[in-house]
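Participant: The structure follows.
The values are calculated or read from the model by the stated rules, or taken from the named source; none is laboratory data. The shown structure was predicted, so the numbers you read here are calculated from the model rather than taken from an experiment. FYI the Cβ positions are ideal-geometry reconstructions off the backbone, even for glycines, and counts take in every protein chain you see. Accessible surface is based on the protein model in full, side chains and every heavy atom, while ligands, DNA and RNA are left aside. Shrake-Rupley method; radii C 1.70, N 1.55, O 1.52, S 1.80 Å.
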Amino acid sequence: MGFAYEMASTPAAYARKAFYDANDPGRSTPPVVIPFGTDRLQHCVLWEPDQVRHQTLVFWFHGGGYLVGTPESMIDAANVYNSQGYRFCSVGFRLMPFHRFPAQASDAFLGIRAALAWMAANGRDVPGIVVGGSSCGGHLACLVGYGRGLQQTYDFPTELLRGVVSCAAVVDADDMLLRPFPSNAVWQRYIDLPARGTGMRARHQALLPWSPIALVESFAQPGAPAPVPFFAVHGIADQMSPYAHEAAFVDRLNQIGGDGTAYLHTIDDRRWQHMRLTVTMHKDRVEDSPALTELFAWLNETLGT
């Protein structure tokens with residue numbers, strides 16, 4: 001199985017009905033849209049359950065290779081989290097090629113700050129947050145969670161951060177739409193970063209400040225805080241964001257923060273490649289999905305609820 005299977009299985013993944021298409025997730029009010037910029041995608045969508053059982057607010061970034069997607073597209077994930085009593089906020093971001101990276105990373109921080117400001121202005125207590133995402137959205141979640149320099153640049157409230165959740169995240173920035181492109185000219189249309197030369201080495205150096213697996217090294221420095229807990233779901237046959245890279249990321253977090261800092265739920269089924277996992281992870285009822293069951297058990301333990 002490879003890219004041909006990946007592409008062939010994608011339509012079926014999107015066509016599959018989600019459990020909460022026909023079952024109440026415990027939410028009777030419409031979502032709230034919170035803008036934070038002038039672009040049509042610079043807004044957050046907040047879904048709140050009727051009974052909030054966990055005050056921690058979950059922020060999520062959609063996948064789509066920074067090329068497609070909307071915050072509204074995370075309705076299945078919102079339903080799953082709402083069914084467990086969590087408030088869920090999907091953060092939109094501008095898309096390539098019209099807005100070159102790292103505009104998307106900027107939007108991740110700005111969107112979270114705008115949503116937190118809205119929550120405060122509307123009397124919603126937020127004692128802590130979890131950030132998560134699928135594929136490139138997982139990349140953004142890791143930048144928010146482990147990019148200490150970025151956190152300082154955007155005056156991010158790190159004291160609220162409780163954990164990071166990944167669904168097949170891109171944790172090595174070298175995997176960001178680079179290898180399939182034949183020339184640096186094409187690459188430069190999408191990535192607005194300084195680089196000398198046209199080879200992969202130059203690209204690698206330019207992307208290091210945006211590579212989570214490199215950024216976590218700052219937590220290994222003397223006097224650095226401990227990294228926040230991390231939970232990942234990844235399939236061994238992923239053709240787009242390699243399983244080995246997220247496994248290495250988890251291992252390094254555990255070396256730095258101690259065993260138990262990071263956990264990787266492995267899907268040992270070669271049919272569950274990148275698109276099938278990222279598109280369908282939130283289409284099951286929690287009790288019917290080993291990955292979701294383990295995720296919410298981890299959340300409850302990590303958050304002390």
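Participant: How many residues, within segment 194-210, are assigned to a loop (DSSP other than H, G, I, E, B) and either buried (at least 17 other Cβ atoms within 10 Å of the Cβ) or at pLDDT 90 or above (or both)?
Facilitator: 1
Participant: Given the structure, is ILE213 in contact (Cβ under 8 Å) with a residue 24 or more places away in the chain, among the β-branched types (Val, Ile, Thr), open to solvent by 40 Å² or more (accessible area, probe 1.4 Å) and touching a Ser or Thr at 6+ places or on another chain (Cβ under 8 Å)?
Facilitator: no
Participant: Can you find, within segment 218-238, the residue that is surrounded by the fewest Cβ atoms within 10 Å (Cβ to Cβ) among those that are β-branched (Val, Ile, Thr) and within 25 Å of LEU303 (Cα to Cα)? Can you show your working first?
Facilitator: Of the residues in segment 218-238, the ones β-branched (Val, Ile, Thr) are 228, 233, 236.
Add one more test, that the residue is within 25 Å of LEU303 (Cα to Cα), and what stays is 228, 233.
Values: VAL228: 20, VAL233: 27.
For segment 218-238, the residue satisfying everything is VAL228.
Participant: Looking at (1) open to solvent by 10 Å² or more (accessible area, probe 1.4 Å); (2) of a type in the set (Phe, Trp, Tyr); (3) farther than 20 Å from ALA214 by Cα, can you tell me which one TYR154 breaks?
Facilitator: Looking at each condition in turn, TYR154 falls short on (3).
Participant: Still on this structure, please answer the following. Out of the residues in segment 282-305 that are of a type in the set (A, V, I, L, M) and modelled with pLDDT of 95 or more, which is surrounded by the fewest Cβ atoms within 10 Å (Cβ to Cβ)?
Facilitator: ALA297
Participant: Do we have any residue at all in segment 272-288 that's in a helix (DSSP H, G or I), in contact with a helix residue (DSSP H, G or I) (Cβ under 9 Å, 6 or more places away or on another chain), closer than 23 Å to ASP238 by Cβ and among the basic types (Lys, Arg)?
Facilitator: Taking every residue of segment 272-288 in turn, at least one turns out to be in a helix (DSSP H, G or I), in contact with a helix residue (DSSP H, G or I) (Cβ under 9 Å, 6 or more places away or on another chain), closer than 23 Å to ASP238 by Cβ and among the basic types (Lys, Arg).
Participant: Now, a different point. May I ask you to list the residues in segment 253-270 that are open to solvent by 30 Å² or more (accessible area, probe 1.4 Å) and in contact with a Pro (Cβ under 7 Å, 6 or more places away or on another chain)?
Facilitator: Selection gives ILE256, GLY257.
Participant: OK, next. Which residues, taken from segment 71-104, are within 28 Å of TRP298 (Cα to Cα), touching a strand residue (DSSP E or B) at 6+ places or on another chain (Cβ under 7 Å) and open to solvent by 10 Å² or more (accessible area, probe 1.4 Å)?
Facilitator: Across segment 71-104, the qualifying residues are GLU72, MET74.
Participant: Would you confirm whether any residue within segment 254-272 is closer than 19 Å to SER211 by Cα, of a type in the set (A, V, I, L, M, F, W, C) and in contact (Cβ under 8 Å) with a residue 40 or more places away in the chain?
Facilitator: Within segment 254-272 (the criterion being closer than 19 Å to SER211 by Cα, of a type in the set (A, V, I, L, M, F, W, C) and in contact (Cβ under 8 Å) with a residue 40 or more places away in the chain), the answer is yes, since at least one residue qualifies.
Participant: Between a first residue in segment 21-33 that is loosely packed, with under 11 Cβ neighbours inside 10 Å and a second residue that is part of a loop (DSSP other than H, G, I, E, B), which pairs have beta carbons less than 8 Å apart while being 6 or more apart in sequence or on different chains?
Facilitator: As it stands, the answer is SER28/ASP50; THR29/GLU48; THR29/ASP50, since those pairs meet every condition given.
Participant: Right, another one. Taking the options VAL68, VAL45, name whichever one is without any contact (Cβ under 8 Å) to a residue 60 or more places away in the chain and crowded, with 21+ Cβ neighbours inside 10 Å.
Facilitator: VAL45
Participant: Out of curiosity, is ASP107 under 23 Å from SER218 (Cβ atoms) and in a loop (DSSP other than H, G, I, E, B)?
Facilitator: no
Participant: Just one of (1) assigned to a helix (DSSP H, G or I); (2) open to solvent by 20 Å² or more (accessible area, probe 1.4 Å) trips up GLY138, so point out which.
Facilitator: Just one mismatch for GLY138, condition (2).
Participant: For ALA262, indicate whether it is in contact with a Phe, Trp or Tyr (Cβ under 6 Å, 6 or more places away or on another chain), of a type in the set (Gly, Ala, Ser) and modelled with pLDDT of 95 or more.
Facilitator: yes
Participant: Let me ask something additional. Check off (1) part of a loop (DSSP other than H, G, I, E, B); (2) touching a helix residue (DSSP H, G or I) at 6+ places or on another chain (Cβ under 9 Å); (3) open to solvent by 20 Å² or more (accessible area, probe 1.4 Å) for SER241 and give me the number that stays unchecked.
Facilitator: Checking SER241 against (1) part of a loop (DSSP other than H, G, I, E, B); (2) touching a helix residue (DSSP H, G or I) at 6+ places or on another chain (Cβ under 9 Å); (3) open to solvent by 20 Å² or more (accessible area, probe 1.4 Å), the one that fails is (3).
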